[in-house]
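What follows is calculated from the coordinates using simple rules that are stated; it is not laboratory data. Keep in mind that this is a model prediction, so the values were computed, not measured. Glycine also receives a Cβ, built like all others from the backbone with ideal geometry; neighbour counts cover every protein chain displayed.
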Amino acid sequence: MKKILVTGCAGFIGSHTTEALLNKGFSIIGIDNFSSFYGRDVKMKNLSNFIDHPNFSFFELDIRDKEKIHSTLIEKVDLVVHLAAKAGVRPSINHPEDYIDVNLKGTQHILDWMRKVGCMKMFFASSSSVYGNNETGESLQEDKYDVKPISPYAFTKRAAELMNHSYHHLYKMDIINARFFTVYGPRQRPDLAIHKFVKLISEDRPIEMYGDGSTARDYTFVEDTVQGILSGVDYLLSKNGIYETINLGNHSPLDLKSLISMIYSEMGIEPNVIIKGMQDGDVNITFANIDKAQNLLDYYPETQMKAGIKKFIDWYRQQ
C-alpha cells in the first residue's frame, strides 16, 4: 500500500483530497496547523469525515516548524501532496512576511524533510494568481505566458514553483506544480466569494460587488480539482524524471455580475448589491488553458457552474 503525506489535510481542498485518496486505497499521513485564518471548528468538522479511517493518521503540525516536522514525521512516504499554505490575496498585501514564512520557507522545510526520509515525489498546490493580470483575456497556457504576480500571495506561490524546480534539478525530485483556478464547492473557506455571498444572502444582508462586475474567474468545482490531483498522483507514481507545471481549471470563466445573479436566482431571492471600488491585488480575469492537463492527466472537468452552485447552496443549508 502506497503511503502519502497530505499537508493541509483539514482544509477545504485538503479534506476532499484526503478522503478521495483513502477511498482509492492509499495510506495517508495528514498534517494541519489549524491556522487562525478561520475557525478551528470548521477544520475539525472537515477532519471528522475520515479521522477514524484505519489507513489515516494525523499530526497537528505547522510547516514553519522545521525541527518538529523532522522529529515527528519519521516514516518514509512514497509521495507528498503539499496543499498547506497561507491563503488570501488581500490579507497578503498587509502581511507579506507571513506569506513568505509559510508558502516559501514552509515549502522548503517540506522539501528538506523529503530529502531526509528519501521521498522523491511531490504534488504541489500552486495558484492561478501567479499569472497576474491577463491583458489579452485569452486562456492562460503554462509555458507561453509571461507570469507577473501582483500580490505577495501570488509571488510566494511563484517563488515556490521556482524553488521546486531547483530541488528537481539538484536532487532529482519528481514534482508537479498544479495551478488551481478558484476552487469552490462544499467546505469552501468562509472568506471566499461564493461562501461569503451565500452566507450574506441567507442572512438577508446585502453583498458587496467590487468594481463593475466585469472581472471574471475560472471557477472550478472541488470534485474536478480533486480528480486532477488524483490523476497527478498516479502520474507521479508511475514515472520518473518529472517536472511539470499544469493548470487545473475549468476553461470557462464567469464574470462577477453573472455569478452574483446566478446565486440570487438559485436561492430564489431578489438581488441586493452594493457596488464598491476594485481592491488591490485582484486580477481582471483567470482563464485556464487545460490542454496540458488533458494530455498528461486525462483531466476533464465535468461540473457545470449552475450545478456546482446548487451543490454548494444545498451543503450550506445543511450546516
What does the range 155-198 give for Rg and for Dmax, in Å, if only its C-alpha atoms count?
15.5, 47
How would you rank 178-188, 54-64, highest first, on the average number of other Cβ atoms within 10 Å across their residues?
178-188, 54-64
With runs of 4+ DSSP H residues as the only contributors, calculate the mean residue ellipticity of the chain at 222 nm using -39,500 (n - 2.57) per run, divided by the residue total and rounded to the nearest 500.
-12000 deg cm²/dmol
D (Stokes-Einstein, µm²/s), Kirkwood Cα radius, the range 40-160, 1.567 mPa s at 4 °C:
79 µm²/s
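At 0.890 mPa s and 25 °C, plugging the Kirkwood radius over alpha-carbon pairs of the range 120-186 into Stokes-Einstein gives what diffusion coefficient in µm²/s?
Here the translational diffusion coefficient equals 190 µm²/s.
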Alpha-carbon Rg with Dmax, taken over the range 260-319, Å
16.3, 44
What does the range 180-319 give for Rg and for Dmax, in Å, if only its C-alpha atoms count?
16.6, 54
Find, to one decimal place in angstroms, the Kirkwood hydrodynamic radius of the range 1-63, where the mean of 1/r is taken over every pair of different Cα atoms and then inverted.
11.4 Å
Listed residues Gly211, Pro271, Ile242: farthest to the positive end of the dipole of the range 201-290 (Cβ charges)
Ile242
Set of lysines near Lys257 by C-alpha distance (under 25 Å), chain-local residues within fewer than 8 positions excluded
Lys196, Lys199, Lys276, Lys306, Lys310, Lys311
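Filter the GluC sites (Glu not before Pro) in the range 200-252 to those in DSSP coil with at most 11 other Cβ atoms within 10 Å of their Cβ, and list the result. List each step's numbers first, then the result.
Details: sites: Glu203, Glu208, Glu223, Glu244; in loops: Glu203.
The qualifying sites are Glu203.
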Run a plain Debye calculation on the chain (Cα atoms as equal point scatterers, no solvent) and give log10 I(q)/I(0) at q = 0.10, 0.12 Å⁻¹, rounded to two decimals, same order as the q list.
-0.54, -0.80
Three principal axis extents, largest first, for the C-alpha atoms of the range 84-149, in Å?
45, 30, 14
